[in-house]
Amino acid sequence: MRAPLPHIQRHRHRTATFSLAVLVLPLVVGLPLAVWLDLRGLSTRMMQGEATEIGVLIDEMRTYYANDVLGRLDGESHGEDAPMPTAMSIELGKRISARDGAVKIRIFSDFPFRKRAGHPIDAFEQTALEQLRQDAARPVVDVSGTLVDRTVRIATPIVMGPACVACHNSHPDSPKQNWRVGDVRGVQEVTVRRPIEASIFSFQSLLVYFAVVAACGLAFIRMQSRQAAVIRHMNGELAQANAFLGTVSAKIARYLSPQVYRSIFSGAKEVAITAERKKLTIFFSDIKDFTALTERLQPEDLTALLNEYFTEMSVIALRHGATIDKFVGDAILLFFGDPDTRGVREDAAAAVRMALDMQAALGRLNAEWRKRGLAEPLEVRMGINTGFCHVGNFGSDNRMDYTIIGAEANLAARLQAVAQPGSIVISYETYALVRDIVEAEALAPIAVKGVSRAVVPYVVRGLSGAAEADVIHGQVQGLDFFLDIKALDAGSAGETRRLLEKALTALETRAGRERPRAM
C-alpha cells in the first residue's frame, strides 16, 4: 500500500484556509469601506447643497436690503447713513465666519473701495473671478479634504444692478466708475467644512450592524484558524500512522504474492477462511540432490545460493503472471489462474514459457556460481499440470494461508519427481492446451496415488519454431561448458570456434587411440 503524502495534505489545508480568509476579509473590511466612501460622497453633495442654499440666502438678504430697506431710506433724511448692500453683506459674512463653526462666508472683489481694507485673493478665488466674469450662470465649486473630513467652497457672482451701477459710478471711493448693468462686481464665497464622522454617527444602527458583522467575521476566521490547527495536528498524527502502516504493509507484501497482496488491500478478497473451486495450472520444481548439497556447503553459502536462486525464479514467475504459493525447502510451488487469470489456455502457455525461462536462467546462474567455487551445477526438475483445485484461505481464524489443495496439485509434484534433472514434464491436460506452441515427447504412462487414470507425462523439448538457445551449458567429469551466443563479438566468436575445433580434434585423437585393434 502506498503511503499518503502528508505535506501535500497540509499544503491543501493551508491553501483552503488562506482562500477562505481571502473571501471573508473583503466582506468584513470591504463593505464598511464602501459605505464609508459612499457616505463621504453623500456628505460632499449635502455640503454643496448647504453651501448653495446659504449663498442664495445671503443673496436674498442683500437684494431685500437693497430694494426694500435702502429704497425706503433714500427718501428719508438719514438714508445717507445706512451701509451699502455690499458692505452689509461683508459685515454679515464676517460675523458668521467669526463663529467657530463649519460655515464661512466671504465677499471679495478685485476692485475694493479705497477706504475699505484690502483682502488677499488666493488661487481659487482668482480663478472664480475669471470664470464667473466669463459665465456668471455657473458657480465655481472646489472640493478638498482627507479621508476623514471634506471642505466645499462655492463661489457665486455679485452682479451689478441698476441701483448698484448708479451708486458705484458716482461714489467718490469707487475704484471704477464705468460699471454696467450685469457686470460681475465681486464674488460671494461660501465655505462649508465638516468631518465625515459628524455624518456617519447619524447611522448608528448601520454602525452597530457593521460592528456585529466584523466581530462575527473575525470570530469565524479565528475559529477556522483553530480548526485548521487541529486538522494539521490530526493530519500529522494520520501521516505518522500512514507511514507506519505503509512500512508494515511493505513488509507484509514480502510474505504474500503480489496478486494476493493487491486483492486483499484493494478489498477484492475478504480475509476469511473460504475457498473456491477453479481450474488452475500448477507448477512444481525441486533441486536435484539438494540434501547432498547441504552437506557440501557451509550454511552461510547455502543460504546465499538458495536466496539468489529463489530471487531469480521469483522475478521470472512474476513476469509471467504466476501466483507464488510457497517455498518449501528447495521446492517452489506456483500456480496460474487465481486471483488473476487470462483464460485456461493462456495460463497454461504462460506456465510453460516460465519454466523454459527458468531453465535458461539457471544456466546463467550455474556459470556464475562455478566462478565462485560451486563444483557441481544445480539441476532442477519441473512439473506442470492443469486441473481443478480448491484455492483460497485455509487455516484458522488466527493464522491462515492462501494456497491450493487437491489431487491435481499432487500430480504436478509427481510429474516433477519423474522428470530428468534439468527437464520439464507436463501432463496431457496441459499438453493439450499448449501443443500448438511447444515441442514435447510422450513418456511411459505412470500411476499416481489419488488419480484413478493412467497419467501420460510429456517432456518439453522447447517452443515450436524457436531459434537455437542463446545459452548452451553443461558439466560432466572433465568438462565445464558454458556458451552465451549473444555475448560473443566478431573477434571472440572466431577464437571460440578455434577452441571448439581444437577440443574436437583432441577428442577424435583420443577416440582413435582407444579404438580396439582387429584380430
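The values are calculated or read from the model by the stated rules, or taken from the named source; none is laboratory data. The structure displayed is predicted, hence computed values, not measured ones. Glycine gets a Cβ as well: all are built from the backbone with ideal geometry, and neighbour counts include every protein chain shown. Protein only, heavy atoms only, side chains kept; ligands, DNA and RNA dropped before computing areas. Shrake-Rupley method; radii C 1.70, N 1.55, O 1.52, S 1.80 Å.
Local charge for residue 447 was computed over the other residues whose Cβ lies under 13 Å away, with Lys and Arg +1 and Asp and Glu -1, and equals +3. Using a probe of 1.4 Å, the accessible surface attributed to residue 504 totals some 100 Å² when neighbouring protein chains are kept in position. Accessible surface for the stretch 347-454, divided over its residues, is 45 Å² per residue with a 1.4 Å probe. For the pair the stretch 452-466 / the stretch 373-393, the C-alpha centres are spaced 15 Å from each other.
For the stretch 294-394, the alpha-carbon radius of gyration amounts to 1.20 times the rule-of-thumb value 2.2 N^0.38 Å expected for a compact globular protein.
Assign one of three labels to the stretch 366-465, namely rounded, prolate or oblate, based on the Cα gyration tensor with a ≥ b ≥ c the square roots of its eigenvalues; rounded applies when a/c is under 1.5, prolate when it is not and a/b is larger than b/c, and oblate otherwise.
Working: a/c = 2.04, a/b = 1.17, b/c = 1.75.
Oblate, because a/c is 1.5 or more while a/b does not exceed b/c.
In a shell of Cβ-Cβ distance under 14 Å around residue 128, excluding residue 128 itself, what net charge do Lys and Arg (+1) and Asp and Glu (-1) give?
Once all neighbours under 14 Å are counted, the net charge is -2.
In this calculation the C-beta distance from residue 250 to residue 446 is compared with R0 = 45 Å, giving a FRET efficiency of 0.55. Of the residues 388, 124, ranked by 1.4 Å probe accessible area with the largest first, the sequence reads 388, 124.
Each peptide in 222-229, 156-163 was scored by the mean count of other Cβ atoms within 10 Å over its residues; highest first, the order is 156-163, 222-229.
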